[in-house]
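Following: one structure in structure tokens, then a few remarks.
The values are calculated or read from the model by the stated rules, or taken from the named source; none is laboratory data. None of these values were measured; they are calculated from a predicted model. With ideal geometry, Cβ positions are generated from the backbone for all residues, glycine too; neighbour counts draw on all protein chains shown. Surface accessibility is based on the protein's heavy atoms, side chains included, excluding ligands, DNA and RNA. Shrake-Rupley method; radii C 1.70, N 1.55, O 1.52, S 1.80 Å.
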Amino acid sequence: MRVVDEYVALRVLFGDWPDEIPHDVLGLTYTRHWRLLSTMANPTGGRISRALAALGSQDRELIRRPHPDLLEVLDPRATSLLAADLLETIGPTSVLIAETLAAAIRFQSDLYFGDPQNAVGPIREHARVFGLNIVVLAG
């Protein structure tokens with residue numbers, strides 16, 4: 001299992017497997033999947049909104065219910081306790097960050113980000129604390 005952000009998930013769902021990721025099932029946290037679903041329902045004008053706006057209903061269904069052999073939307077119950085426990089070390093943070101870190105720890109995965117902005121700030125600092133490697137993929 002390789003833990004990815006929503007930008008990598010979109011690439012892979014539409015047939016663009018990044019060279020930097022070994023072939024394996026990809027894991028997308030619930031909160032990152034929610035970002036995609038909520039943006040489809042209520043576009044905000046951002047980068048994800050623009051990418052999703054061009055999709056037809058069949059493509060939207062790929063995002064809503066990705067094939068589990070390709071991209072698994074991770075059940076948050078499997079990592080919520082670990083995510084909460086991480087807060088004792090890193091202090092307060094968002095559910096998105098805590099859940100992403102916990103998934104990487106649980107699956108012993110690097111973190112693969114398709115958007116460099118997702119890989120900076122608190123998540124980079126916290127990943128370093130836990131010895132997690134962040135891989136930012138080329139466009």
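Of note:
- Of the residues making up the range 4-32, those that are more than 13 Å from L137 (Cβ to Cβ) and either open to solvent by less than 30 Å² (accessible area, probe 1.4 Å) or in contact with a Pro (Cβ under 9 Å, 6 or more places away or on another chain) (or both) number 8.
- For E72: the one exception among (1) in contact with a strand residue (DSSP E or B) (Cβ under 6 Å, 6 or more places away or on another chain); (2) assigned to a helix (DSSP H, G or I): (2)
- Scanning the range 31-46 for residues that are within 14 Å of L74 (Cα to Cα) and free of Cβ contacts under 8 Å to residues at least 12 places away in the same chain turns up just one, W34.
- Residues of the range 9-66 that turn out to be of a type in the set (G, A, S) and in a loop (DSSP other than H, G, I, E, B), as a count: 5
- Considering residues of the range 118-139 that are within 19 Å of H23 (Cα to Cα) and within 14 Å of the chain's Cα centre (by Cα) only, the residue most open to solvent (accessible area, probe 1.4 Å): V136
- Residues (over 18 Å from V4 (Cβ atoms) and among the charged types (D, E, K, R)) located in the range 20-58: R50
- Lone unmet requirement of (1) without any contact (Cβ under 8 Å) to a residue 24 or more places away in the chain; (2) closer than 17 Å to V4 by Cβ; (3) in a loop (DSSP other than H, G, I, E, B) for L132: (1)
- Set R35, R50, R65: member being charged (D, E, K, R), within 19 Å of F14 (Cα to Cα), under 17 Å from the mean Cα position of the chain (by Cα) and exposed (fewer than 13 other Cβ atoms within 10 Å of the Cβ): R65
- Filter result for I105 (among the β-branched types (V, I, T) and modelled with pLDDT under 90): no
- Only one of the listed residues (A102, A83, A51) is in contact with an Asp or Glu (Cβ under 6 Å, 6 or more places away or on another chain) and of a type in the set (A, V, I, L, M). That residue is A83.
- Filtered residues of the range 89-117 (kept if open to solvent by 30 Å² or more (accessible area, probe 1.4 Å) and within 23 Å of D19 (Cα to Cα)): I105, F107, Q108, D110, P116, Q117
- Of the numbered criteria (1) surrounded by 10 or more Cβ atoms within 10 Å (Cβ to Cβ); (2) more than 15 Å from the chain's Cα centre (by Cα), the one Q58 fails is (1).
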